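Data first, discussion second: the structure below is written as C-alpha cells.
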Amino acid sequence: MTIPKGGNPFARVRFDYASNGFSALTGLATLLIVAILFVILGNIAYFGWPSLSWRFVTGGTEKDMFNVDHAGVMPMIFGTAALVILMSIAVVPVGVITAVYLTEYTQSNSVMTRVIRGAVNNLAGVPSIVFGLFGLGFFINFVGQNMDAILGKADEPVWGKPAILWAALTLAILTLPVVIVATEEALKAIPNGLREASLALGATKLQTVMKIVIPQALPGIMTGSILAVSRGAGEVAPIMFTGAAYYMAELPSRLTDQFMELGYHVFILSTQSPDIERTRPILYATVVVLLGLTFLLNFVAILVRAQMRRKLRSLS
Amino acid sequence: MGIRRGHRANLWEWLAERVIFGVSLSAIVMIFLIFLFVMREGLPIFLGSMSSSAVQEVIPVEQMDQMPKEQLRSYLGLSAKQFAEMDRETMQALMEVKVEQQKEIPNDKDAALNTTSWRYLLGPHQWTGYDKPEYIWQPVSGIHKYNIVPLVLGSLKATCVALLFSVPLALAAAIYVSQLARPTIREWVKPCIELLSGIPSVVLGFFALLVMASVLQGVLGYQSRLNAFVAGMALGLAIIPVVFSIAEDALTSVPRSYTQAALALGASPWQAAWQIVLPAAMPGVFAAVVLGFGRAIGETMIVLMASGNASIMSLSLFDSTRTITATIAAELAETVFGGHHYRILFMIGALLFAVTFVSNFIADLVIYRLKARMEGKA
C-alpha cells in the first residue's frame, strides 16, 4: 500500500515503482497488439500495392493461375459477391426476426430467451470446419440428394453436389449470430417511449414493431448485415467442400454452379504454387483485394453505427 | 422492452407472433441439426460397425451362378440399381477383379485388421515393419492407419502455444484499456482490435506461411520451417480479439464504485485494477480463456497453412504438426463418399464439435452468472 504507516499521514507519498511498472507493462502489451496489427497490414500493403493493377482487378484468370502476367481476380470477386448476396438473402430476415422476438416479444430474463441466446452464443463458437462438414452432410448429401431423387435426376446429380447455393446457406448459418447480436443491440437502443407512444395511439404490437421499431433500427440492421457479409467473405473452411472450385472457366450463372472465391484463391495460391517466389506478387495483390473488401465493409459498418448512435442520442 | 398490451387481440397479431417465435428458434434448430448430421455421417465409426479390413473371402468366378442374388450383390459392393442394370459379362469381370485384388493385397498380417475400430483409433499398434507399437495417422496407404492420437496432440500443441502467447497479452491490454487508460486511448484501441478480428483467417494463415515462418526461423533457428510454434503464434493473433473483448467486457461490467472505493482508501489505480477489479471479474476472464481455447482448437485455415501438416507423434513444438481441423480440410475432398476415411473425418469433426460445444456452453454460463451478479450489485 502507498499509505505510509505511522508518522505524518500528510507526507508526500513515495513513488510507487511496482504500480507504475505494472501499469506501464499493460500499456506495452496494448501497444504491442496494435503494433502487430500495423506490421501485418503494413507488410501486406507494402508488398501488395505495387503488384495491384487495374487489369489484375478486372481481368479473368487462365487455367495456369500462377502465371503473373495473366492473372486476374475478377472471377473471384464476382464469385465472392454472388456468394455473400445469396447468403444475406438467407440470413438477414432470419436474424432480424430472431432479434425482434428476443427484444420485443419476451421478457429479457425468461427461460426461452435464455435458451435462444445460449444457442446463438454457442453457434458463434462452432468451428468453421464443422460448418463445412455440416454443409456437406446436410445440404449436399441430404437435402440435395433427396431433391435429386424427388425430381428424378439421380443419375446425374444436379442439386446433390457442391454448389454456390449450398455454400451460401452454410455461410448463412455461420453468420446468423452476427446479424442477431447487431440487430438486438440496435433494437435495445431505441427508447421505450417510442413504443409506448405508438401503443398509446392505438397501434397494435405488430404495427408498432413494423412501423416504429424496425424503421428506427434500420441502420443497426444494416450494420449487422454488413458485418455478416464481411465475415462471410473471409471464411474459407465452410465453402471448401460445399461449392468453391479450384478453377472455373466461366462465371457461375445458376444456383447449382460452383464458383471461385477470393479467400479460397489466396489459400490455393499460397499452398499449391509450384514456385512461390514467382507467385508472390499476385498472392500479395489478391490478399490486398480481399482485405480491402472486408475492411471497406467493416469501415462502412462502423460509420453507419456511429451515425445511428448519434441519431438515437438526439432522440432520447 | 416487454410491453405486453393488446398484441393477442386479433388473429393476424397472434399469427405473426407465432411465426416470429418459430423463426427465432432457428439458432437452436441449427445447433441441433449440426450435431445430428455431422454425427450421422460419423456414426458407423462410433458404433464400430464399419470395417476397413482389406482381406475378404474370395469366391471363385465359377461359383457365380450358384450364389443367391442378394449375396452376390453385396459381395460385389453394388447398389440394387447398379446390380439390376449390369449384365452377366460385366459381373464376371468384376468377380475376376476381386480375385486379382485379393492377390495384390500386401502379404501383411495387418491387412486383415479392421483399423477403424476404437482399439486402433486410440491405442498404439506395432505395424509391420515397425519395431515398437506406435501411433500413426496414415489414411492413404496400403493399410489405412487411422490413429487419431497424433492429430489430437497436434491440435493441443498449437492451441497451447496460441493461448500462452495471446492470453497474457490480451488480458494485460484489457486491464489497461478498461481500467488504466484515458478514454481517448480506449477509443483508438478498440477499433484496432475490431480491425484485427476483421482479418480473415486465411489472410493470417498466408501471413504466417510467408512472413512469420521465415522471421521466427531466422530468430530461433529451428529445423522445420513450418511447425506447431509458428501455427500457434498465428492462431494467437486470431484469438487475441476474442480474449480481449470478453475480458474487457467483464472488467468493465464491474461497478465503478469498487474502483472508486479502492482509490478513496489510497490504493493506486494499478492496485485497484489488480486487487479489486480483476478478482471480481475473474469468472469473465476464465470465460475469455475458455472461449479462446474453443476458437483456437477449431481454427482451420491458419493451421492448415502454417503447421507443416506432418502427423508426427512428438512433444516438441518445433516439429511439423498436423491438427484435427487441418486433417479434415486437407483430406475430405479426396475421400470416397461413405467410405471409412470419409466417416472417420466426420467422426473427428463430431468430436471437435463436442469439445467446442462444451467450452462455449461453460463460457456462456459463466458470463451470464457474472453479469447477473454484477448488475444485482451495481
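For segment B:345-362, filtering for residues that are within 18 Å of residue A:177 (Cβ to Cβ) and within 8 Å of chain A (Cβ to nearest Cβ) leaves 6. Scanning segment B:342-359 for residues that are without any contact (Cβ under 8 Å) to a residue 60 or more places away in the chain and polar (S, T, N, Q) yields no hits at all. No other residue among A:306, A:203, A:301, A:233 is in a helix (DSSP H, G or I) and either on the phi > 0 side of the Ramachandran plot or at pLDDT 85 or above (or both) apart from A:233. Taking the condition without any contact (Cβ under 8 Å) to a residue 12 or more places away in the chain, within 8 Å of chain B (Cβ to nearest Cβ) and either of a type in the set (A, V, I, L, M, F, W, C) or surrounded by 24 or more Cβ atoms within 10 Å (Cβ to Cβ) (or both), does residue A:131 pass? Spelling it out, it is not the case that residue A:131 is without any contact (Cβ under 8 Å) to a residue 12 or more places away in the chain, within 8 Å of chain B (Cβ to nearest Cβ) and either of a type in the set (A, V, I, L, M, F, W, C) or surrounded by 24 or more Cβ atoms within 10 Å (Cβ to Cβ) (or both).
Would a scan of segment B:176-189 turn up a residue that is touching a Lys or Arg at 6+ places or on another chain (Cβ under 6 Å), at the interface with chain A (Cβ under 8 Å from one of its Cβ atoms) and over 25 Å from residue B:329 (Cα atoms)? Yes: one or more hits.
Taking the criterion of being within 17 Å of the chain's Cα centre (by Cα) and hydrophobic (A, V, I, L, M, F, W, C), the residues of segment B:224-243 that qualify are B:228, B:231, B:234, B:235, B:238, B:239, B:242. Are there any pairs, at least 6 apart or on different chains, whose C-beta atoms fall under 7 Å, with the first in segment B:327-341 and within 19 Å of residue B:49 (Cα to Cα) and the second of a type in the set (A, V, I, L, M) and in a loop (DSSP other than H, G, I, E, B), and if so, which? Sorted first by the residue in segment B:327-341, then by its partner, the pairs are B:340/B:50. All conditions but one from (1) crowded, with 24+ Cβ neighbours inside 10 Å; (2) at pLDDT below 95 apply to residue A:103; the one that does not is (1).
Residues being crowded, with 18+ Cβ neighbours inside 10 Å, more than 11 Å from every other protein chain (Cβ to nearest Cβ) and of a type in the set (Val, Ile, Thr) are entirely absent from segment B:328-335. The residue of segment A:109-128 that is nearest to residue B:36 (Cα to Cα), among those that are in a loop (DSSP other than H, G, I, E, B) and at the interface with another protein chain (Cβ under 8 Å from one of its Cβ atoms), is A:126.
Among the residues of segment A:256-291, the one identified as free of Cβ contacts under 8 Å to residues at least 40 places away in the same chain and small (Gly, Ala, Ser) is A:270.
Taking residue A:212, is it of a type in the set (Val, Ile, Thr), out of contact with any Pro (no Cβ under 6 Å at 6 or more places or on another chain), part of a helix (DSSP H, G or I) and crowded, with 21+ Cβ neighbours inside 10 Å? No: the conditions fail for residue A:212. Per this entry, residue A:172 is counted among residues that are crowded, with 21+ Cβ neighbours inside 10 Å, within 30 Å of residue A:248 (Cβ to Cβ), facing chain B (nearest Cβ under 10 Å) and in contact with a helix residue (DSSP H, G or I) (Cβ under 9 Å, 6 or more places away or on another chain). Please indicate, with yes or no, whether at least one residue in segment B:371-378 is within 12 Å of another protein chain (Cβ to nearest Cβ), surrounded by 17 or more Cβ atoms within 10 Å (Cβ to Cβ) and among the charged types (D, E, K, R). Checked against the condition, which is being within 12 Å of another protein chain (Cβ to nearest Cβ), surrounded by 17 or more Cβ atoms within 10 Å (Cβ to Cβ) and among the charged types (D, E, K, R), segment B:371-378 yields no hits at all. Only one of the listed residues (B:22, B:42, B:48) is more than 7 Å from chain A (Cβ to nearest Cβ) and on the phi > 0 side of the Ramachandran plot. That residue is B:48. Is it fair to say residue A:34 is assigned to a helix (DSSP H, G or I) and either within 14 Å of chain B (Cβ to nearest Cβ) or touching a Gly at 6+ places or on another chain (Cβ under 8 Å) (or both)? The answer is yes for residue A:34.
Does residue A:313 satisfy the criteria of being at pLDDT below 85 and not aliphatic (A, V, I, L, M)? Yes, satisfied. Restricted to segment A:121-143, and to residues there that are of a type in the set (Gly, Ala, Ser) and in contact with a Pro (Cβ under 7 Å, 6 or more places away or on another chain), the residue that is farthest from residue B:348 (Cα to Cα) is A:124. Of the residues making up segment B:174-188, just one is under 13 Å from residue B:244 (Cβ atoms) and basic (Lys, Arg), namely B:186.
The residue that is surrounded by the most Cβ atoms within 10 Å (Cβ to Cβ), among those in segment B:308-320 that are within 26 Å of residue A:136 (Cα to Cα) and more than 14 Å from chain A (Cβ to nearest Cβ), is B:311. Exactly one residue out of A:162, A:219, A:191, A:157 is buried (at least 24 other Cβ atoms within 10 Å of the Cβ), in contact with a helix residue (DSSP H, G or I) (Cβ under 8 Å, 6 or more places away or on another chain) and not β-branched (Val, Ile, Thr): that is A:162. Go through segment B:198-227 and report how many residues are hydroxyl-bearing (Ser, Thr, Tyr), surrounded by fewer than 16 Cβ atoms within 10 Å (Cβ to Cβ) and under 20 Å from residue A:39 (Cα atoms). Qualifying residue count, segment B:198-227: 1.
Between A:87, A:74, the distinction of being more than 8 Å from every other protein chain (Cβ to nearest Cβ) and more than 30 Å from residue B:288 (Cα to Cα) belongs to A:74 only. Comparison of B:238, B:231, B:172 shows that the only residue that is facing chain A (nearest Cβ under 7 Å), small (Gly, Ala, Ser) and touching a Ser or Thr at 6+ places or on another chain (Cβ under 8 Å) is B:172.
Of the helices (runs of 4 or more DSSP H) lying entirely inside segment B:244-330, those containing at least 2 residues that are within 30 Å of residue B:365 (Cα to Cα) and over 31 Å from the mean Cα position of the chain (by Cα) are B:256-264.
For segment A:34-58, filtered to residues that are of a type in the set (Phe, Trp, Tyr) and more than 24 Å from the chain's Cα centre (by Cα), the residue that is surrounded by the fewest Cβ atoms within 10 Å (Cβ to Cβ) is A:54. Every condition in (1) surrounded by fewer than 21 Cβ atoms within 10 Å (Cβ to Cβ); (2) within 13 Å of chain B (Cβ to nearest Cβ); (3) not acidic (Asp, Glu) is met by residue A:82 except one, and the failing one is (2). Being of a type in the set (Gly, Ala, Ser), within 23 Å of residue B:357 (Cα to Cα) and either surrounded by 24 or more Cβ atoms within 10 Å (Cβ to Cβ) or without any contact (Cβ under 8 Å) to a residue 60 or more places away in the chain (or both) is a property that residue B:236 has.
Scanning segment A:97-108 for residues that are within 7 Å of chain B (Cβ to nearest Cβ) and part of a helix (DSSP H, G or I) turns up A:97, A:98, A:100, A:101, A:102, A:103, A:104, A:105.
The values are calculated or read from the model by the stated rules, or taken from the named source; none is laboratory data. Small disclaimer: the values here were computed from a predicted structure and weren't measured. Note: ideal-geometry Cβ built from the backbone for every residue, glycine included; neighbour counts use all protein chains shown.
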